[in-house]
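For reference, the structure is listed below as structure tokens.
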Amino acid sequence: MSSDLNEKQLIQKAKMGDEKSFESLILGCQSKAYNLAIRYLKNEEDAMDALQESFIKIFRHLNSFKEDSRFDTWVYRIVVNTCNDILRKNSSRKTTDSIFRTEDDKEMVVEIPDSSGAPEEVYDKKEKSEYIMSCMDKLSQDQREIIILRDIQGFSYDEISEILKCSVGTVKSRINRSRLKLREILMEQNL
């Protein structure tokens, strides 16, 4: 509860122009916001652009934040909207990046929670991740969005409801339909 109070104080100070308070608020959600952007855009450079653009929007519109939701939820909503804007702008550009990328002839893993284990296990995880991500590319934008928010980023139903500005019932329904569609695609690809 004291963290909520502290957040409210930081928001009030930031609204009055205190840059350090704004910075503290942003630092608290920057990592999750970046992970969200990278999952949407599948490209580090685009994700960084989306984050920068989002933070500028947040700074410019901080006074319009009504504080009826948590600050980080408001930030994630802006990041999601910014990513969707970028995807619309770049819809003619087809990307082939996956959650893995190559840099200087070295393969770098963008995010794997547990990289320990035998090389066969690591390779198997990589193959499964690539396969699932390629199947997710066959989902509609709305279906991909809801799976990223719930199953990859781990947002609660309430948080997703706030981010997407829809009811919790709608969120649950969309998640169910999206998971069924992904399962259908996975099964078709396995044949």
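Is it the case that some residue within segment 81-95 is at pLDDT 90 or above, touching an Asp or Glu at 6+ places or on another chain (Cβ under 7 Å), within 21 Å of Lys42 (Cα to Cα) and surrounded by 13 or more Cβ atoms within 10 Å (Cβ to Cβ)?
Yes, there is a match, as at least one residue in segment 81-95 is at pLDDT 90 or above, touching an Asp or Glu at 6+ places or on another chain (Cβ under 7 Å), within 21 Å of Lys42 (Cα to Cα) and surrounded by 13 or more Cβ atoms within 10 Å (Cβ to Cβ).
So for segment 151-158 (the condition being assigned to a helix (DSSP H, G or I) and at pLDDT 90 or above), does at least one residue qualify?
There is at least one residue in segment 151-158 that is assigned to a helix (DSSP H, G or I) and at pLDDT 90 or above.
Hey, could you check segment 57-73 for residues that are hydrophobic (A, V, I, L, M, F, W, C) and in contact (Cβ under 8 Å) with a residue 40 or more places away in the chain and say which is surrounded by the most Cβ atoms within 10 Å (Cβ to Cβ)?
Step by step, filter segment 57-73, then rank; the result is Phe71.
Step by step: first the residues of segment 7-26, then only those that are in contact with a Phe, Trp or Tyr (Cβ under 7 Å, 6 or more places away or on another chain) and of a type outside the set (Val, Ile, Thr), then the one that is surrounded by the most Cβ atoms within 10 Å (Cβ to Cβ). Which residue is that?
Step by step, filter segment 7-26, then rank; the result is Ala14.
Of all helices (runs of 4 or more DSSP H) completely enclosed by segment 18-90, which ones contain at least 2 residues that are small (Gly, Ala, Ser)?
Per the criteria, 19-41, 44-60.
Could you say which residue among Ser116, Ser129 is modelled with pLDDT under 75 and crowded, with 17+ Cβ neighbours inside 10 Å?
It is Ser129.
Residue-by-condition table, conditions (1) surrounded by 15 or more Cβ atoms within 10 Å (Cβ to Cβ); (2) out of contact with any Lys or Arg (no Cβ under 9 Å at 6 or more places or on another chain):
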residue	(1), (2)
Ser156	no, no
Lys165	no, no
Gly169	no, yes
Ile175	yes, no
Ser178	yes, no
Arg183	no, yes
Met187	no, yes
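What number of residues within segment 66-85 are touching a Lys or Arg at 6+ places or on another chain (Cβ under 9 Å) and of a type in the set (Lys, Arg)?
Qualifying residue count for the region: 1.
The values are calculated or read from the model by the stated rules, or taken from the named source; none is laboratory data. These figures come from a predicted structure and were not determined experimentally. When we count neighbours, we look across all protein chains shown, and the Cβ atoms used for this are built from the backbone with ideal geometry, even at glycine.
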